[in-house]
Amino acid sequence: MAEFLKGCAVPCKMSFETLESVCRQKGYMCEELGVTRANINEYEVEFLCDYKKVNDDEFYLVKWRGFPENVNTWEPKRNLKCSKLMKQFHQDLDHILRLKKRRRSIPKKLSKDISSILVQKARLRVSLQHWEAHLNHSRNHPGNIFVINEVDYEGPPKDFTYINNYKVSNGIVLNGISVGCECTNCLKEPVNGCCPGASQHRMAYNDKGQVRLRPGQPIYECNAECRCDASCPNRVVQKGIQFDLCIFKTDNGRGWGVRTLQHIRKNTFVMEYVGEIITSDEAERRGHVYDKQGSTYLFDLDYVEDVYTVDAAHQGNISHFVNHSCNPNLQVFNVFIDNIDERLPRIALFSTRAIRAGEELTFDYKMQIDPVDTESTKMDSSFILGGLPGSPKKKGRVECRCGSQTCRKYLF
């Protein structure tokens, strides 16, 4: 029985906070939750809930890490060794006082509504920190993932699993590669055109790993059967995300977004669009359900045939959170590595221009490929979106909020 359950997973019904509390009470170690042999019996400040001043002494109401809030205690400032948490607490307090247009000096005692907001912000920050740690524990790529929400109190998505590669649904088979190249230097001395040449295409990358093909032309990378090693310049997408990226909450109703924390050069690989591979018939069925929910993440794999679709609604990587723009800085390319079925390309996103650190990453959900190239006519990748959460609809159309000067005003 156990062999049939290998690889199965279900969402946990407990929050990270509850799980940590249970682990500490039962004496269980859990690296991902931060419960170790060194700190399992220690009292650690998780966040500060309230503040008061009695005579000249300052006190903070402390939420202890791994313990329920009904055991919170008031502690004098002199006993606390958590300068970063204190700084964050007072930054939050200052922001709240500004919004409420109250005097900037700290009152001797906080009102219930202010302390309640402080606790909400602190709980959110902790939940996002746990999610961030979970994402980084799940990823298999070098680039780190950060999470921030300075807009509202929305926490991590409740039904989303981070995966690094396609998950193939029942009945779909990926055909592996049985032949590889014999090159000793794939870029400078390609034998018979290397892997791209075997499919009558040219090398996709220059010596800096930048794509030099026009959008619509396929990329053929070296594979597991090739003579070359991992340092081969024709292995780019398969190396995974190389940049530190941040999932952040947008302030104009576009939900979550993704920004880069590092400079990205033009024509550089940034990420893959990953999800569950399903048939087009199944995508049609799910699409009706997603339309009623308000959004969907179905990407047609119609490079040669409209047979399969990638569904990243509940299983995907960081590309799940990338927003649309009518003037995007990312472009889609079809990539083939260890699978020879042209109906099942990997979807890679490359930068269309230099992208500054801190800039949001976007791609066009309704991109149009230049039809001049013969291969481009095979690619009609349409990102099907039933409606962005919070986006207004007019006569069934979804209003675009990308804010670019070339905005088409409506997504669909």
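The values are calculated or read from the model by the stated rules, or taken from the named source; none is laboratory data. The shown structure was predicted, so the numbers you read here are calculated from the model rather than taken from an experiment. FYI the Cβ positions are ideal-geometry reconstructions off the backbone, even for glycines, and counts take in every protein chain you see. Remember, those area values only see protein heavy atoms, side chains included, never the ligands or the DNA or RNA. Shrake-Rupley method; radii C 1.70, N 1.55, O 1.52, S 1.80 Å.
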**Study point:** the stretch 324-351 - residue that is open to solvent by 50 Å² or more (accessible area, probe 1.4 Å) and in a loop (DSSP other than H, G, I, E, B) and, of those, farthest from residue 172 (Cα to Cα)
**Key:** 327
Study note, to complete from the structure: Just one listed residue, out of 16, 67, 59, is modelled with pLDDT of 95 or more and open to solvent by less than 90 Å² (accessible area, probe 1.4 Å), and it is 59
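Quick grid of which residues meet (1) open to solvent by 20 Å² or more (accessible area, probe 1.4 Å); (2) acidic (Asp, Glu):
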| position | (1), (2) |
| --- | --- |
| 74 | yes, no |
| 79 | yes, no |
| 94 | yes, yes |
| 101 | yes, no |
| 110 | no, no |
| 116 | yes, no |
Exercise for review: Hey, could you check the stretch 214-253 for residues that are of a type in the set (A, V, I, L, M, F, W, C) and loosely packed, with under 14 Cβ neighbours inside 10 Å and say which is farthest from residue 134 (Cα to Cα)?
Suggested key: 224
Check your understanding: Which residues, counting only those in the stretch 126-172, are among the aliphatic types (A, V, I, L, M) and not in a helix (DSSP H, G or I)?
Key -> 145, 147, 148, 151, 163, 168, 172
Study note, to complete from the structure: The lone condition residue 254 fails out of (1) of a type in the set (D, E, K, R); (2) in a helix (DSSP H, G or I); (3) under 22 Å from residue 403 (Cβ atoms) is (2)
Practice item. Kindly indicate the residue of the stretch 204-213 that is touching a Leu at 6+ places or on another chain (Cβ under 8 Å) and crowded, with 20+ Cβ neighbours inside 10 Å and also nearest to residue 338 (Cα to Cα) among those meeting that condition. Key: 204
Check your understanding: Applying the selection to the stretch 322-338, what residues are in contact with a Pro (Cβ under 8 Å, 6 or more places away or on another chain) and under 22 Å from residue 226 (Cβ atoms)?
Key -> 333, 334, 335, 336
Study note, to complete from the structure: In the stretch 137-150, residues that are within 13 Å of the chain's Cα centre (by Cα), open to solvent by less than 40 Å² (accessible area, probe 1.4 Å) and under 12 Å from residue 247 (Cα atoms) total 2
Review point. Mind checking which pairs have a first residue in the stretch 252-271 that is free of Cβ contacts under 8 Å to residues at least 24 places away in the same chain and a second that is crowded, with 20+ Cβ neighbours inside 10 Å, Cβ under 9 Å, 6 or more apart or different chains?
Key: none
Check your understanding: If you take the residues in the stretch 164-193 that are within 28 Å of the chain's Cα centre (by Cα) and of a type in the set (Val, Ile, Thr), which one is modelled with the lowest pLDDT?
Key -> 173
Check your understanding: For residues in the stretch 152-186 being open to solvent by 80 Å² or more (accessible area, probe 1.4 Å) and polar (S, T, N, Q), which is farthest from residue 342 (Cα to Cα)?
Key -> 184
Point to revise | the stretch 187-197, residues that are within 15 Å of residue 336 (Cβ to Cβ) and of a type in the set (A, V, I, L, M, F, W, C) | key: 194, 195
Exercise for review: Tell me which of these residue 300 doesn't satisfy, since it passes every other one: (1) at pLDDT 80 or above; (2) under 23 Å from residue 205 (Cβ atoms); (3) not β-branched (Val, Ile, Thr).
Suggested key: (2)
Review point. What number of residues within the stretch 164-183 satisfy the criterion of being out of contact with any helix residue (DSSP H, G or I) (no Cβ under 8 Å at 6 or more places or on another chain) and either closer than 30 Å to residue 118 by Cβ or β-branched (Val, Ile, Thr) (or both)?
Key: 4
